[in-house]
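Before any comments, here is the structure.
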Amino acid sequence: MRADDRLSIGDLARRTGLSVSAIRFYETRGLVTPMRNAGGQRRFLRADVRRLSFVLIAQQLGFSIDQIHRQLNRLPEGRTPTAKDWARISRSFRQELDERIDALTRLRDNLDGCIGCGCLSLRKCALYNPLDRAGRRGSGPRYLMGDDWNPDAA
């Protein structure tokens with residue numbers, strides 16, 4: 001690998017729009033692993049621009065640093081990730097995103113009614129959750145979490 005294929009932390013910051021301190025944070029979390037030159041300065045691969053861009057997008061989608069780290073660990077070190085690499089990661093995130101979309105849709109559609117929390121403080125609870133049947137299924141807003149609204153399903 002040629003020395004001009006590597007980026008300084010300042011160059012990486014300019015390319016990604018991240019602050020130098022953010023890049024250092026991601027480094028401490030193992031999301032990027034710079035090399036050091038003879039003077040001890042960090043040098044990043046050009047592929048790290050893509051890696052950090054992926055981190056930013058994944059965080060905006062609500063994925064944790066740990067989830068992102070697990071996915072990035074599946075990428076090959078020392079070479080630029082391919083479209084196939086990114087497609088594999090995309091598929092692994094897709095299921096979780098679909099589940100979140102379903103949950104948000106249920107929340108949106110039932111926002112003005114009972115959310116199945118089991119509080120029994122609203123008049124509607126007697127209709128949606130008689131005798132706190134949702135509570136028999138576990139804690140939390142059972143209907144929002146995907147439990148069937150059928151009171152006989154408890």
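Every read-out reported here was derived from the displayed coordinates using simple, explicitly stated rules and does not represent laboratory data. Since the model is a prediction, treat every value here as computed from it, not as a measurement. Here the Cβ positions follow ideal geometry from the backbone for every residue, glycine too, while neighbour counts run over all protein chains shown.
In nm, what is the difference between 0.36 nm times the number of residues separating ALA22 and ASP148 and their Cα-Cα distance?
Residue separation times 0.36 nm, minus the Cα-Cα distance, leaves 41.1 nm.
Report the FRET efficiency, 1/(1 + (r/R0)^6), for ARG100 and GLN67, where r is their Cβ-Cβ distance and R0 is 22 Å, rounded to 0.05.
Using R0 = 22 Å, I get an efficiency of 0.95.
Per 10 Å bin from zero, what fraction in whole % of the C-alpha pairs of the stretch 3-93 is there, up to the bin with the longest pair?
For the stretch 3-93, the binned pair fractions read 16, 52, 28, 4, 0 percent.
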